[in-house]
Amino acid sequence: MTMFYVCKLDDLEIGDSIKLEQYKPPIAVIRGESGQVYAIDDTCTHAEASFCDGFVEGDTVECPLHMSVFCLKTGAPDNPPAIKAVATHIVNIKDGDVFIEVQR
Ligand code: FES
């Protein structure tokens, strides 16, 4: 699989997200409060809200529409109404640059 460049790590602050619209469905690259960078499908599995409009807490993101909280590492929701996990993708940091490998 090929790694795709996203941004400089320094340009992605804690709690920030970048929506990659060139992928269908779009991918959200999100930096959790631990400093770890994650990539997940941006579209909530419940009613299609964008996680890039959500709220980062720890290494989770809360959906802005109905407040299900998703683990950024596994993509699994912690609470209803969402019950289905969102797809995750591989993130690689190399020489201060963020790359993703899309898993689909
Ligand atoms: S759209 Fe995300 S929890 Fe409903």
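Which whole-number percent gives the relative contact order of the chain, counting Cα pairs below 8 Å spaced six or more residues apart? 27 percent. Placing a label point 7 Å from the Cα of SER34 along the Cα-to-Cβ direction, none of the residues of segment 88-104 has a backbone N under 12 Å of that point. One quarter of the surface of the convex hull around the alpha-carbon atoms of the chain equals 5.8 nm², the direction-averaged projected area. Element breakdown for the chain at a 1.4 angstrom probe: carbon and sulfur atoms account for 50% of the accessible area. For the pair GLN22 and ALA47, the difference between a 0.36 nm per residue extended length and the Cα-Cα distance amounts to 6.9 nm. Maximal additional length on extending the LYS94-ASN79 stretch stands at 2.0 nm, based on 0.36 nm per residue less the C-alpha distance.
Take segment 23-91 with all the other protein chains still there, run a 1.4 Å probe, and you get 46 Å² of accessible area per residue.
The values are calculated or read from the model by the stated rules, or taken from the named source; none is laboratory data. Keep in mind that what you see is a predicted model, and the values were worked out from it rather than measured. A quick note on method: Cβ atoms are made from the backbone with ideal geometry, for glycine too, and the neighbour counts reach across all protein chains shown. What goes into the accessible areas is simple: the full protein's heavy atoms, side chains included, and nothing from ligands, DNA or RNA. Shrake-Rupley method; radii C 1.70, N 1.55, O 1.52, S 1.80 Å.
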